Amino acid sequence: MPLESAAEPRAGGTPPDERLDAERRRERLHAAIARLDDVDRAIVTMYLDDRSHREIAEVLGISKTNAGVKLHRIRKRLAAWMNGDEHRARERGRPVRRLHRGAALRLPGRVRTAARARSAIRILEPGRRLLGHLLARRAGVPFDTLLAERVLRPLGLEDTYVAGPHDADERMATGHAQAKPVPFWRFDALAGAGALRSTAADLLRFLRIQLDPLSAPLHEAILLSREPRAPAGPNASVALGWHISTPPRGDTLYWHNGGTGGFRSFIGFMPDRGIGVVLLMNSAVPLQALDGLALAVTTHARATGAAQ
């Protein structure tokens, strides 16, 4: 039985008592998901986010078969928890834990190389997450402190921060997948790729800095982050965190997209045109659709000469 069906009413009418029962099942499902460790909760959230086994495997740096097996076992555990069977839940998986530093340091051994990729490089999420941990370890401070002191405060991004595994923010929008609310992803040792929270106002400020970096703090680092590091297909390359699109008859576009459970985001800018765009969504739409919308907005701004 699909995982999400445990929280849905039966086909047909939805009288008040049935809707109440469905809501209670949904609450039990979310409570059970919250008991999972970081990795298992990420797998479930991506599944509810309509990600395929292949996509889940690529994000976690494991095989497609392993992702399917893990998901099957996790679903059995969740079903046991929802039915109040603690003994069976323990039999179905590892003891509940958080992904700690030692586990994060073992991730590189599970990441497959992308050296055989044909025309584009592969963005390895485990490596990006590990980098944040290693930088913090080298500096001798927690990752959230390091980022705040070295980047966020100097740039004046006062409403951007790294969310801890237990942080709650009443202003946070609720993420959705398939028109249903989904729980937030929680991070600990893997905060380097997904734990940063911000606002549209702060991201617009960040865009203005990108459009006029020489007048901003950290301008040398900003320009360094834009330097192409590797080819990524025809008329494309990657820099430090930025994708770069350089069409033969167009303007260079620096951009990045992504998402966690129930959320999607896009940020991009054309420095020669003074155009930038930020898109934030609390719905797990396909990234291709988000990119298409961002491209349409950027193209319109370029055609009209309006800064966005």
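Since every read-out is calculated from the coordinates, none of them should be taken as a lab result. Nothing here was measured: the structure is a model prediction, and the numbers come from that model. Here the Cβ positions follow ideal geometry from the backbone for every residue, glycine too, while neighbour counts run over all protein chains shown.
The table below lists the values:
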| quantity | calculated |
| --- | --- |
| Shape category assigned to the stretch 219-268 from the gyration tensor of Cα positions, a/c cut at 1.5 | oblate |
| Whole-Hz couplings from phi, Karplus 6.51/-1.76/1.60, listed for the stretch 283-288; x for Gly and Pro | 8, 7, 6, x, 4, 4 |
| Global geometry of the stretch 190-308, whether rounded, prolate or oblate, following the gyration tensor of its Cα atoms and the 1.5 cut on a/c | rounded |
| Contour minus Cα-Cα distance for residue 282 and residue 303 (0.36 nm per residue) | 4.7 nm |
| Length released on extending from residue 227 to residue 149, taking residue separation times 0.36 nm less the Cα-Cα span | 25.7 nm |
| Inter-site label distance for residue 135 and residue 172 at 7 Å from Cα along Cβ, in nm | 2.2 nm |
